[in-house]
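Below: the structure, in structure tokens.
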Amino acid sequence: MADTDRVQLLNQAGAVTWDGLKQTLMGLPKASLVELVNVWMKTFWTNQNYWMVFTEAEFGFETAARMDEKVWGKTGPIQAYRVKQVLSLGDDVQALATMFKLTAPQWVPAGFEWSITEITESKLSFTVHRCPMGTYRKQNNLELLPCKNISPPLYIQMAKVINERFKTTCVHAHPDEPIDNVMCQWEFTLEEGQKSEDRKQMTESK
């Protein structure tokens, strides 16, 4: 980074507050703010990978996999909810796709390679070609996590944050027979029923 590109921040004595931090963040160049978000997301995955490896070394694979399922079962929907609130996302398939693109479970720079294979008004399908945990475990000759068994609750709950009518299906994941250039495949279908706004209006009219 050239000296002319360096971000100059002036710090003063006193309490560090969220209001003050917001002013600092809003004063950053947009490109720097985007990279800072990326740093936070990549650090999240660094923490995820290390705690998983250390837990496995201390307590064994099955316990580590079970704890991983519990942690993601809580953090995934929380992330989905926060992103939905900040961006005022709707409850359709486009909102679902946006949520996945902007949350940690699918964060591309952290080591994910994935593609949306189908997106319509009622269906979203995507394929994950590489994920950071799978890549790490393959490189170190460690057993892959049984994502077909432990990951559905994560994606089910994240999708339901956007709309309770989403049906989530794990099309492919370990321990299924390996498919070249595929770690896992997921499908989300918006089932027939009342829209969230319709239900809200009915509730308010009572």
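Note on segment 18-205: Rg/Rh from Cα positions, Kirkwood definition for Rh, rounded to two decimals, is 1.00. Give the calculated FRET efficiency between VAL16 and GLU177 to the nearest 0.05, with a Förster radius of 45 Å applied to their Cβ-Cβ distance. The calculated FRET efficiency here is 0.30. Remark: for residue pairs LYS22/LYS167; LYS42/LYS84; LYS30/LYS74, the C-alpha separation exceeds 27 Å in LYS22/LYS167; LYS30/LYS74.
Taking the helices alone, the chain has a mean residue ellipticity at 222 nm of -17000 deg cm²/dmol, built from -39,500 (n - 2.57) per DSSP H run of at least 4 residues and averaged over all its residues. Each peptide among 55-64, 159-168 gets the average number of other Cβ atoms lying within 10 Å of its residues, and from highest to lowest they stand as 159-168, 55-64.
The numbers here are math on the coordinates, done by the rules we state, and not lab data. None of the values given here were measured: they were computed from a predicted structure. Virtual Cβ from ideal backbone geometry, glycine too; neighbours counted across all protein chains shown.
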